[in-house]
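In what follows, a structure is listed as structure tokens, so that the remarks can point back to it.
The values are calculated or read from the model by the stated rules, or taken from the named source; none is laboratory data. Treat the numbers as computed from the prediction; the structure is a model and nothing was measured. Positions of Cβ are backbone-derived with ideal geometry, glycine not excepted, and every protein chain shown enters the neighbour counts. Each accessible area value is taken on the protein alone, full model and side chains, heavy atoms only, with ligands, DNA and RNA left out. Shrake-Rupley method; radii C 1.70, N 1.55, O 1.52, S 1.80 Å.
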Amino acid sequence: MNKARDFFTTPTAREQYERDFDSDPAAFVQWKKTFENTLFDSITVTPPYFEAGKFTAPQNHIYTYKISLNPGERLRTQVQTDSLNTLVFIDLYRQKTDSVVSYEHVKSVNFGDTEIQYETEHPGIYKILLQPEINSTSAFSMKIFTEPVYSFPVADKGNTAVQSMWGATRDGGRRSHEGIDIFAPRGTPVVAATSGRVSSTGNKGLGGKQVWLRDSKRGNSLYYAHLDSIIARPGMRVKVGDTLGLVGNTGNARTTPPHLHFGVYKGYRGAQDPLPYVFKPSPPNEFIPKFNKAFLRATGTANLRKGPSTKAEIGSRANTNDTLQFLGETTDWYHTRLKDENFFIHKSLASPL
């Protein structure tokens, strides 16, 4: 009956868990309250990010991370545990730009799933909340990373070929660069970065020989300019990797080495920074954790930071022999909890209890 009802109502993973959890109502109330209270307590990380640790019963830990995202990036958050039966709930929120900081819910993981994906449409600050089920005891690892929603638009090239960025000044400051320039030898294939329809081609204006590709799924128009020759034709349906033309330096690029000017335009919003749409970040720096205790001891006076970096904001301080709860670890930092707030302490300043 629940499965039939779910077909029509589509309950969230948390709602399904609440419906099926009846062994300890008081524990569930506290678990839910922890989630609600932690929305405004978070640390800041920069993808790609990897953390490993251990969920320890009966401690009711919750993990919160603020990240910055741009249109064109697909966020992926993955959690693995050493127990197939451990449920982990992942929720994504976006910070609203009102006078008072608030958050709107964006997406939740499906019940039983261990990964959440989200294509960013609006730039801003986002928050990931990760919470294991009640009384979980399991080692875990977690990855937060992004990937571009488009493939690279020049065959056999990648990030290092981009040499002129969005916003660079042009014509003595009279205009700014509304795209990126990808340098490659003349005649290198220029390819479809996504499936779509060729809306127009031509040889005109500053862009010289050019192709416009329509991505109806996202409401974007992709602009390929300065081509040496055009292969695509208006109305043509193309798939990722199909050749649209060849790299050149036509239009106002006659005095520069051959390159592709690549732009992304979104309806009334106009030109977008295309780099996040095609830039492929490095994968997270994974490692094998060696620490699985429940508590840490500060070995001296230490800054507790709101991110795993010496440049991160100092949120508090620990004195010698202070006890800190252990949440997880990154390459050089321990993720800790002190007085109901999450921080990072450098591994050189703490030891296991």
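For this structure, a couple of remarks:
- Within region 79-101, the set of residues being open to solvent by 40 Å² or more (accessible area, probe 1.4 Å) and either modelled with pLDDT of 85 or more or among the aliphatic types (A, V, I, L, M) (or both) comprises Q80, T81, D82, L84, R94, Q95, K96, V100, V101.
- In region 315-331, the qualifying residues are those that are closer than 23 Å to I144 by Cβ and in contact with a Ser or Thr (Cβ under 8 Å, 6 or more places away or on another chain), and the one that is surrounded by the fewest Cβ atoms within 10 Å (Cβ to Cβ) is Q325.
- Beta carbons closer than 7 Å, at least 6 apart along the sequence or on distinct chains, pair a first residue in region 189-207 that is within 13 Å of P234 (Cβ to Cβ) with a second that is among the β-branched types (V, I, T) and surrounded by 15 or more Cβ atoms within 10 Å (Cβ to Cβ) for G196/V238; V198/V211; V198/V238; T201/V211; T201/I230.
- Counted residues, region 107-125 - those being on the phi > 0 side of the Ramachandran plot and either open to solvent by 80 Å² or more (accessible area, probe 1.4 Å) or not in a strand (DSSP E or B) (or both): 1
- Within region 28-65, tally of residues that are hydrophobic (A, V, I, L, M, F, W, C) and assigned to a loop (DSSP other than H, G, I, E, B): 3
- Residue match in region 215-224 (condition: over 15 Å from G72 (Cβ atoms), in a loop (DSSP other than H, G, I, E, B) and open to solvent by 30 Å² or more (accessible area, probe 1.4 Å)): yes
- Residues in region 257-292 that are at pLDDT 90 or above, part of a loop (DSSP other than H, G, I, E, B) and open to solvent by less than 50 Å² (accessible area, probe 1.4 Å): P258, P274, P281, P284.
- Every listed requirement among (1) surrounded by 17 or more Cβ atoms within 10 Å (Cβ to Cβ); (2) touching a helix residue (DSSP H, G or I) at 6+ places or on another chain (Cβ under 9 Å); (3) outside any strand (DSSP E or B) is met by G300 save one, (1).
- Any chance E104 is under 19 Å from the mean Cα position of the chain (by Cα), at pLDDT 95 or above and surrounded by fewer than 18 Cβ atoms within 10 Å (Cβ to Cβ): no
- Residue list for region 304-339, restricted to those being under 12 Å from A350 (Cα atoms) and without any contact (Cβ under 8 Å) to a residue 40 or more places away in the chain: A318, N319, T320, N321, D322, T323, L324, D332, W333
- A residue that is within 22 Å of the chain's Cα centre (by Cα), open to solvent by 10 Å² or more (accessible area, probe 1.4 Å), at pLDDT below 85 and not hydrophobic (A, V, I, L, M, F, W, C) occurs nowhere in region 14-24.
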